[in-house]
Amino acid sequence: DKLITFDEYIHCLSIISNKSNRDSKYLFSFQCYDVDNDGYISTNDLTSILTSTLHENGIIITNNEINTIVESTMKEVQPIIPDKISFDEFKAFDSRHPLMLSHLTMNISGIITEYANNNEISLTTPRV
């Protein structure tokens, strides 16, 4: 339905929380890259995500440059099935690039506390 429910939103926040385990982050990240939901990150999936991310951030590069990045990634991963990265291959790739999942970690409690402090909001629970 292209809408995010409150429960889905909270679930995503729990995954990107600094209290979430790495395996949850692997699965979430893999599912984000697996655009067609076939259990693999294909060349098309990777190209689609890279193009969208660059566009979203106002970064303009040529299609040839995007293709070069995707081809280099596939060459480095060396998937068993050509042009299709499995979940296990994705995890192995991360072991060689430990900062790969760093974008999926946020200190949610710290963000809420900072927001409350900057906006003079009390985080204490009223007692009745």
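Taking (1) more than 15 Å from the chain's Cα centre (by Cα); (2) more than 18 Å from Phe30 (Cα to Cα); (3) part of a helix (DSSP H, G or I) in turn, Glu120 satisfies each apart from (3). In region 75-128, the residue that is modelled with the highest pLDDT out of those that are open to solvent by less than 60 Å² (accessible area, probe 1.4 Å) and of a type in the set (Asp, Glu) is Glu89. Glu71 fulfils the conditions (1) closer than 30 Å to Thr124 by Cα; (2) assigned to a helix (DSSP H, G or I); (3) open to solvent by 70 Å² or more (accessible area, probe 1.4 Å) except for a single criterion, (1). When Ser42 is tested against (1) among the hydroxyl-bearing types (Ser, Thr, Tyr); (2) touching a strand residue (DSSP E or B) at 6+ places or on another chain (Cβ under 8 Å); (3) farther than 30 Å from Gly110 by Cα; (4) open to solvent by 60 Å² or more (accessible area, probe 1.4 Å), only condition (4) is not met. The set of residues in region 64-102 that are of a type in the set (S, T, N, Q) and under 19 Å from the mean Cα position of the chain (by Cα) comprises Thr73, Ser86, Ser95, Ser102. Of all residues in region 2-27, exactly one satisfies the criterion of being within 12 Å of the chain's Cα centre (by Cα) and polar (S, T, N, Q), namely Ser24.
Considering only residues that are assigned to a helix (DSSP H, G or I) and open to solvent by less than 90 Å² (accessible area, probe 1.4 Å), look in region 9-23 and name the one that is nearest to Leu99 (Cα to Cα). Residue satisfying both the conditions and the ranking: Ile16.
When residues in region 47-62 are screened for being under 21 Å from Ile15 (Cβ atoms) and not charged (D, E, K, R), 3 of them pass. Remark: pairs (first residue in region 19-31, within 14 Å of Asp88 (Cβ to Cβ); second residue among the acidic types (Asp, Glu); Cβ separation under 8 Å; 6+ apart in sequence or on different chains) = Tyr26/Asp94.
The values are calculated or read from the model by the stated rules, or taken from the named source; none is laboratory data. All values derive from a computational prediction rather than experimental measurement. FYI the Cβ positions are ideal-geometry reconstructions off the backbone, even for glycines, and counts take in every protein chain you see. Ligands, DNA and RNA are stripped out before the accessible areas are found, and what is left, the full protein with its side chains, is counted by its heavy atoms. Shrake-Rupley method; radii C 1.70, N 1.55, O 1.52, S 1.80 Å.
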